[in-house]
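Student: Below is the structure I would like to discuss, written out as structure tokens.
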Amino acid sequence: MTVRRLAAPLLAALLALAATGGPALAAASSHPRVSYTQVQQQFMCTICGEPLNEAHSPEAYNENAELRKLIGRGDSIDQIKHEMVVQYGSAVLADPPKRGFSLLLVIIPALVVAAGIGVVTVTLPRWRRRAAAAAAEPRAAGPPLSAEDARRLDADLGREP
């Protein structure tokens, strides 16, 4: 009977602990703390366009201070990215999301390279066939020279008739 008397308060204490500390523990385990250097590499200075870990402008110092604040608050990487984009715009991301105009910047160069390879693949064999056919054909002699033209040609070449 003593076990039952001890079990009830122990169970109540565990439930109280789970109710108060449970959400904090769950939040801490759902997104582990991120390191400053890990997060800093994912952002750019919006003024000079350099990575934040290399930039030395006043704007970069402000962005770094904001990063430290968000990391100190315990935000996840996704939350930090969202807050930084809200505050500084999408130019702050080192790797902006691939949609809209950003997606075109990735797709268009790939399409241009593919089209260039296609053009070379089609035209190069044609050029080679034309060159081979031109080399195989005997050259046309053209009209015969008149007596006057033949005499001038021999004189130009230094031969006397």
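Student: Looking at the stretch 129-143, is at least one residue surrounded by 10 or more Cβ atoms within 10 Å (Cβ to Cβ), outside the structural domain of residue 91 (by TED's automatic domain parsing), in a loop (DSSP other than H, G, I, E, B) and over 60 Å from the mean Cα position of the chain (by Cα)?
Tutor: no
Per-residue answers, yes or no, for (1) β-branched (Val, Ile, Thr); (2) surrounded by 10 or more Cβ atoms within 10 Å (Cβ to Cβ); (3) in contact (Cβ under 8 Å) with a residue 60 or more places away in the chain; (4) in the same structural domain as residue 34 (by TED's automatic domain parsing):
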{"position": "67", "(1), (2), (3), (4)": "no, yes, no, yes"}
{"position": "80", "(1), (2), (3), (4)": "yes, yes, no, yes"}
{"position": "111", "(1), (2), (3), (4)": "no, yes, no, no"}
{"position": "126", "(1), (2), (3), (4)": "no, no, no, no"}
{"position": "153", "(1), (2), (3), (4)": "no, yes, no, no"}
{"position": "158", "(1), (2), (3), (4)": "no, no, no, no"}
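Student: Another question, if that's okay. As an exercise: evaluate residue 22 against (1) at pLDDT below 85; (2) among the small types (Gly, Ala, Ser); (3) surrounded by fewer than 11 Cβ atoms within 10 Å (Cβ to Cβ) and give the number of the one condition it does not meet.
Tutor: Result: residue 22 fails condition (3) only.
Student: List, please: which pairs have Cβ atoms under 8 Å, are six or more places apart or on different chains, and start with a residue in the stretch 32-47 that is on the phi > 0 side of the Ramachandran plot and end with one that is of a type in the set (S, T, N, Q) and surrounded by 20 or more Cβ atoms within 10 Å (Cβ to Cβ)?
Tutor: That search, which allows pairs on different chains as well, returns nothing.
Student: Looking at 62, 53, which is the one that is in a helix (DSSP H, G or I) and either in contact with a Pro (Cβ under 8 Å, 6 or more places away or on another chain) or under 20 Å from residue 34 (Cα atoms) (or both)?
Tutor: On the way: 53 fails: in a helix (DSSP H, G or I).
That would be 62, the only listed residue that is in a helix (DSSP H, G or I) and either in contact with a Pro (Cβ under 8 Å, 6 or more places away or on another chain) or under 20 Å from residue 34 (Cα atoms) (or both).
The values are calculated or read from the model by the stated rules, or taken from the named source; none is laboratory data. For clarity, every value in this text was computed on a predicted model and none was experimentally measured. We place every Cβ from the backbone using ideal geometry, glycine too, and count neighbours over all the protein chains shown.
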